[in-house]
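Participant: Dropping the structure in here first, questions after.
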Amino acid sequence: PLLSFLVRYKSCHAGICITASHNPPEYNGFKVYWSDGAQIVSPHDQKIAECYDQLSSYEDLPFMEYKEAKRNGLIEEISEELDDAYYDKLIKLPFRKINIKDFSIVYTPLHGSGGSVIPKFLRRLGFQKVSVLASQKHPDGDFPTVTSPNPEEKTALDLAVEHAKNIKAKLVLATDPDCDRVNLVSLENGKPVYFTGHQLACLLCHYVFCSLKDQGKLPKNAKTVQTIVTTDLFRKIAESYQAKCTKTLTGFKWIGESIELDKDFEFVCGGEESYGFLAGSFVRDKDGVSTSLLIADMSAYYEQQGKHLSEVMDDLYKKHGYYLEDTISYHLPGLRGFEKIKTIMASFRESPLFQVEDLEAFTVTDYLTKKIYRRNTRSFEETNFEEKLPISDVIKLDFSTKGTVLIRPSGTEPKLKIYFQTSSLLDEKEQLSVPQAKKEMLNQLDFLKERINFYIQSIITS
């Protein structure tokens, strides 16, 4: 995230981040930011790939030793100046800074880059009880203490949670190795409580808007941005503050790009389901640094109010309805896997009015052909997307009251990803509680997952 900030701060043409991130070594990838500080999208990604494909030999490339390039003024090393400039922008976010001095936090960078800035920024903000997990403190590309340094996976947080229990901390924060995503564990009455990426995005969205409103800083033309696979509860929360909510394709690069679009509205925050969040526009990518500080500030504030984060989440459900989401990934490596993914996507397009056993789609939306299929007419019409989205290999199945399913190949991994969402309004007259709604939605979610999995497995094994 600091590179995204640096590109605009130094008026660079582009930025390249070479990082292990949480991906396996065989991916051997790097991230590119354009001059706007956002990740590259078309046509820049395609043009870079075309240039790469034209290379016949690495030996043909001109190289210069680092020291010589530095002597020639071709390299400028960045110092603490960057951290200070970033923090000057960061501190303008709507922090409440209530009861933070004695609020105890355990932080782990999971052997990545976040350890160089997050602990010192937390302390600079006012948190004095910050414990950095010693065994995962230093950068190490072998990631020796975890199976995968992915904060989405609970096991990656096990050592930090155990340490938090031992020292009676209130919060665990974990960032992935390139520090653009962050997860949390809330210690409530000494017990660890975990949150999905959807829930974290909603908690932060509500907190940012509520804080801005209380501080008299909420823009009248506020907007948020979410991806098409992020919970609709995010949109409901934003709209409750009279903010516009824009949807983008999956991937935070689209959220970053959208900040500059629609100049009539002021970007407040954006979120996605995979623990990516951004408040403010001084960074144009998901930001694990500023988000870590917002989570800490939010947790300390609600503790001052006598509330756990899980209770705040329940309050959002009671106000806006209960939402339950899940994701299934099918790992299909190699050329055979690639062909299977193509076959699965083609099968939905060949039989767009999806039906398997007693499950039938009411509406099917194809983001590649931009057509909607409706069961009542057995015909299609051009879709009127709420937002002007680029075409994408995505299919959305709407099962009316049962929920929705969105199917897409991963853009970075040999995977087919299936996103499920169900929801239910909590009827005050019938006193349907959050636990009751959760039980009902779990049944619906299991029903959808079972039927869709049966259909896809039948294609994979054929």
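Participant: Do we have any residue at all in the stretch 36-55 that's more than 19 Å from the chain's Cα centre (by Cα) and under 23 Å from Asp84 (Cα atoms)? First the steps, then the outcome.
Facilitator: So in the stretch 36-55, the residues more than 19 Å from the chain's Cα centre (by Cα) come out as 36, 42-55.
From what's left, under 23 Å from Asp84 (Cα atoms): 36.
Among the residues of the stretch 36-55, at least one is more than 19 Å from the chain's Cα centre (by Cα) and under 23 Å from Asp84 (Cα atoms), which makes the answer yes.
Participant: Looking only at the stretch 187-241, count how many residues are open to solvent by 10 Å² or more (accessible area, probe 1.4 Å), within 30 Å of Asp158 (Cα to Cα), not β-branched (Val, Ile, Thr) and not in a helix (DSSP H, G or I).
Facilitator: Number satisfying all stated conditions: 8.
Participant: I need the full set of residues from the stretch 96-110 which are part of a loop (DSSP other than H, G, I, E, B) and surrounded by fewer than 22 Cβ atoms within 10 Å (Cβ to Cβ), in order please. Show your work before the answer.
Facilitator: Let us first name the residues in the stretch 96-110 that are part of a loop (DSSP other than H, G, I, E, B), namely 96-103, 109-110.
Arg96, Lys97, Ile98, Asn99, Lys101, Asp102, listed by residue number.
Participant: Tell me, please, whether a residue that is touching a Leu at 6+ places or on another chain (Cβ under 8 Å), at pLDDT 95 or above and not acidic (Asp, Glu) can be found in the stretch 237-246.
Facilitator: yes
Participant: Here is a follow-up. For the stretch 332-370, which residues satisfy the criterion of being farther than 26 Å from Thr412 by Cβ and not charged (D, E, K, R)? Spell out the reasoning first.
Facilitator: Residues of the stretch 332-370 farther than 26 Å from Thr412 by Cβ: 350-363.
Those that are farther than 26 Å from Thr412 by Cβ and not charged (D, E, K, R): Ser351, Pro352, Leu353, Phe354, Gln355, Val356, Leu359, Ala361, Phe362, Thr363.
Participant: If you don't mind, another one. Can you list residue pairs whose Cβ atoms sit under 6 Å apart, with the first residue in the stretch 118-144 being open to solvent by less than 20 Å² (accessible area, probe 1.4 Å) and in a helix (DSSP H, G or I) and the second being modelled with pLDDT of 95 or more and polar (S, T, N, Q)? Count only pairs 6 or more apart in sequence or on different chains.
Facilitator: Here the result reads Ile118/Ser292; Gln136/Thr108; Gln136/Thr145, each pair linking the stretch 118-144 to a residue that is modelled with pLDDT of 95 or more and polar (S, T, N, Q).
Participant: I'm checking my understanding of the structure. Among residues of the stretch 37-93 that are among the β-branched types (Val, Ile, Thr) and touching a residue at least 24 places away in the same chain (Cβ under 8 Å), which one is least open to solvent (accessible area, probe 1.4 Å)? Steps first, please.
Facilitator: We begin by selecting, within the stretch 37-93, every residue among the β-branched types (Val, Ile, Thr); these are 40-41, 48, 75, 78, 91.
From the residues that got through so far, the ones that are touching a residue at least 24 places away in the same chain (Cβ under 8 Å) too are 40-41, 78, 91.
On the way: Ile40: 29, Val41: 13, Ile78: 68, Ile91: 60 Å².
Looking at the filtered set, the residue picked out is Val41.
Participant: Taking the options Ser21, Ser11, name whichever one is assigned to a loop (DSSP other than H, G, I, E, B) and open to solvent by 50 Å² or more (accessible area, probe 1.4 Å). Lay out the reasoning, then the answer.
Facilitator: Working: Ser21 fails: open to solvent by 50 Å² or more (accessible area, probe 1.4 Å).
None of the others qualify; the one that does is Ser11.
Participant: For the stretch 285-301, how many residues meet the condition of being touching an Asp or Glu at 6+ places or on another chain (Cβ under 6 Å) and either free of Cβ contacts under 8 Å to residues at least 12 places away in the same chain or open to solvent by 10 Å² or more (accessible area, probe 1.4 Å) (or both)?
Facilitator: 1
Participant: Please go through the stretch 278-326 and pick out each residue that is in a loop (DSSP other than H, G, I, E, B) and closer than 30 Å to Lys402 by Cα. Show your work before the answer.
Facilitator: Let us first name the residues in the stretch 278-326 that are in a loop (DSSP other than H, G, I, E, B), namely 280-287, 305-308, 321.
Hit for the stretch 278-326 is Gly321, nothing else.
Participant: Tell me whether the stretch 418-439 contains one or more residues that are among the polar types (S, T, N, Q), over 20 Å from His320 (Cα atoms) and open to solvent by 50 Å² or more (accessible area, probe 1.4 Å). Break it down into steps so the answer makes sense when it comes.
Facilitator: So in the stretch 418-439, the residues among the polar types (S, T, N, Q) come out as 421-424, 431, 433, 436.
Next cut, over 20 Å from His320 (Cα atoms) only: none.
Within the stretch 418-439 (the criterion being among the polar types (S, T, N, Q), over 20 Å from His320 (Cα atoms) and open to solvent by 50 Å² or more (accessible area, probe 1.4 Å)), the answer is no, since none of the residues qualifies.
Participant: Scan the stretch 430-441 and tell me whether some residue there is more than 17 Å from Met345 (Cα to Cα), in contact with an Asp or Glu (Cβ under 9 Å, 6 or more places away or on another chain) and touching a residue at least 12 places away in the same chain (Cβ under 8 Å).
Facilitator: Yes: the stretch 430-441 contains one or more residues that are more than 17 Å from Met345 (Cα to Cα), in contact with an Asp or Glu (Cβ under 9 Å, 6 or more places away or on another chain) and touching a residue at least 12 places away in the same chain (Cβ under 8 Å).
Participant: If I go through the stretch 287-334 residue by residue, how many of them are farther than 28 Å from Ile452 by Cβ and either modelled with pLDDT under 95 or among the charged types (D, E, K, R) (or both)? Break it down stepwise before answering.
Facilitator: Residues of the stretch 287-334 that are farther than 28 Å from Ile452 by Cβ, as a first pass: 287-312, 314-315, 318-319.
Filter once more, keeping what is either modelled with pLDDT under 95 or among the charged types (D, E, K, R) (or both): 287, 297, 303, 307, 311, 314-315, 318-319.
Selection size over the stretch 287-334: 9.
Participant: I need a count of the residues in the stretch 312-347 that are crowded, with 16+ Cβ neighbours inside 10 Å and among the acidic types (Asp, Glu).
Facilitator: Count: 3.
Participant: Still on this structure, I have one more. When both residues are 6+ apart or on different chains and their Cβ atoms are under 6 Å apart, which pairs have a first residue that lies in the stretch 264-280 and is within 17 Å of Tyr241 (Cα to Cα), and a second that is open to solvent by 20 Å² or more (accessible area, probe 1.4 Å) and in a strand (DSSP E or B)?
Facilitator: The qualifying pairs are Phe265/Lys244.
Participant: Can you report the number of residues in the stretch 161-175 which are open to solvent by less than 10 Å² (accessible area, probe 1.4 Å) and in contact with a Ser or Thr (Cβ under 6 Å, 6 or more places away or on another chain)?
Facilitator: Within the stretch 161-175, residues that are open to solvent by less than 10 Å² (accessible area, probe 1.4 Å) and in contact with a Ser or Thr (Cβ under 6 Å, 6 or more places away or on another chain) number 4.
Participant: Residues being modelled with pLDDT of 95 or more, under 37 Å from the mean Cα position of the chain (by Cα) and of a type in the set (S, T, N, Q): count how many of those fall in the stretch 61-84.
Facilitator: Here the count works out to 0.
Participant: Ok, one more. Do we have any residue at all in the stretch 56-74 that's closer than 30 Å to Pro390 by Cβ and part of a loop (DSSP other than H, G, I, E, B)? Let's see the steps before the verdict.
Facilitator: Step one: filter the stretch 56-74 for residues closer than 30 Å to Pro390 by Cβ, giving none.
No, the conditions are met nowhere in the stretch 56-74.
The values are calculated or read from the model by the stated rules, or taken from the named source; none is laboratory data. Since the structure is predicted, the reported quantities are computational estimates derived from the model, not experimental observations. Note that we place each Cβ from the backbone using ideal geometry, even for glycine, and neighbour counts take in every protein chain shown. Just so you know, the surface numbers come from the protein's heavy atoms only, side chains and all, with ligands and any DNA or RNA stripped out. Shrake-Rupley method; radii C 1.70, N 1.55, O 1.52, S 1.80 Å.
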